[in-house]
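The values are calculated or read from the model by the stated rules, or taken from the named source; none is laboratory data. Keep in mind the model is a prediction, meaning the values are calculated, not measured. Because the Cβ atoms are built from the backbone with ideal geometry, glycine has one as well, and the counts that use them run over all protein chains shown.
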Amino acid sequence: MWARAIFVLCLSVGLAPSVLGQDLAERFKQARIRRVAAEMATRHGLRMEPRPPDHHPTRGDSLAAWMASRRPDYGQHIMPEEPPLPPPFEVTSVRLIRKLERPVFLSRYGQTRWAFMQGRRRAEIDTTLTTDIRARLQARFGGPTVTLAEMDSVQRRSAEEIIQFEYWLVVNDSIPVMMLDVDGPLGRGVVVATDARFRDDLDGVRYALLNPLFAEPCRAPYIDYFYLPATANWYVSGFDGATFFHQRIARPNLALGRPVLSQYVSPTVDR
């Protein structure tokens, strides 16, 4: 028994230097790692550059590949082609039909078959608010030929018949033309109409009449009645020389004629 004890003691004494050496080596290793880490932190900071995200395949990948094979242009926004400018139309004269001249115009063009056109391109004359175009027409021609004030009753008319304004013109001494609002003061652009015989020239006539309005920023004050059939509400809409306005009002007496700007807008020195 004493021999076994002496053998175990000798074995322990023989292993002690080896275990101690391994412990010291591990400590030196950890110390070196800490020193290198401190140097890198001092040199590059405490944050590392993020790695790019790894893609993990999903069932959506196969679906996207299938859609791409069926529709290569899927998800691509394709801008529609801009319609070409209309053929040039030469306007030699423009005569506005005044309010009191309507009977003369109707006696000559009352049986006209009208062809209508609204803007088909993203030009300034198509995207500008109708209220702005109305102010420019006021500066170019004066007041409209027909407004809502000349209608005897709006209750007996359809929503399409209720307009804010109409300009009646005679172009080149023989071509009847009408310019009217689309959706009252809330719309953009105006509708232009002429005799169906001049249908092929209508786009050119429309462009020749409206495009010059934007050559200079000329606007004149105006005010019109406007009726909204959806809510049966009345408004005055106009331009006071500085700003555009829309104001809800009580039902006006149309027998008194068109509204007067000074009744709804107080004049200022700046205007």
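Taken over the range 126-163, the residue count meeting the criterion of being among the charged types (D, E, K, R), modelled with pLDDT of 80 or more and over 27 Å from the mean Cα position of the chain (by Cα) is 2.
Against the numbered list (1) modelled with pLDDT of 70 or more; (2) part of a loop (DSSP other than H, G, I, E, B); (3) more than 21 Å from LEU137 (Cα to Cα), THR92 comes up short only at (3). Restricted to the range 178-225, and to residues that are of a type in the set (D, E, K, R) and surrounded by fewer than 17 Cβ atoms within 10 Å (Cβ to Cβ), which residue is farthest from GLN111 (Cα to Cα)? Checked the range 178-225; the qualifying residue farthest from GLN111 (Cα to Cα) is GLU216. In this entry, LEU213 is excluded by the filter for residues that are more than 26 Å from the chain's Cα centre (by Cα) and over 23 Å from GLU160 (Cα atoms). Within the range 145-177, if we keep just the residues that are among the β-branched types (Val, Ile, Thr) and assigned to a loop (DSSP other than H, G, I, E, B), the residue that is surrounded by the most Cβ atoms within 10 Å (Cβ to Cβ) turns out to be THR145. Taking the criterion of being over 23 Å from LEU129 (Cα atoms) and not polar (S, T, N, Q), the residues of the range 233-271 that qualify are ALA250, ARG251, PRO252, LEU254, ALA255, LEU256, GLY257, PRO267, VAL269, ASP270.
Cβ separations smaller than 6 Å between residues 6+ apart or across chains give the following pairs from the range 107-125 residues that are modelled with pLDDT under 70 to residues that are outside any loop (DSSP other than H, G, I, E, B) and acidic (Asp, Glu): GLY119/ASP126.
Going by the structure shown, is PHE226 within 28 Å of GLU101 (Cα to Cα) and not in a strand (DSSP E or B)? No: the conditions fail for PHE226.
Scanning the range 106-134 for residues being surrounded by 21 or more Cβ atoms within 10 Å (Cβ to Cβ) and hydrophobic (A, V, I, L, M, F, W, C) gives a total of 2. Of the residues making up the range 226-241, not one is aliphatic (A, V, I, L, M), in contact (Cβ under 8 Å) with a residue 60 or more places away in the chain and surrounded by 13 or more Cβ atoms within 10 Å (Cβ to Cβ).
The listed residues are PRO217, PRO252, PRO259, and the only one of them that is without any contact (Cβ under 8 Å) to a residue 24 or more places away in the chain and either farther than 19 Å from GLY143 by Cβ or part of a loop (DSSP other than H, G, I, E, B) (or both) turns out to be PRO217.
Within the range 90-102, the set of residues being over 18 Å from ALA193 (Cα atoms) and loosely packed, with under 10 Cβ neighbours inside 10 Å comprises THR92, LEU100.
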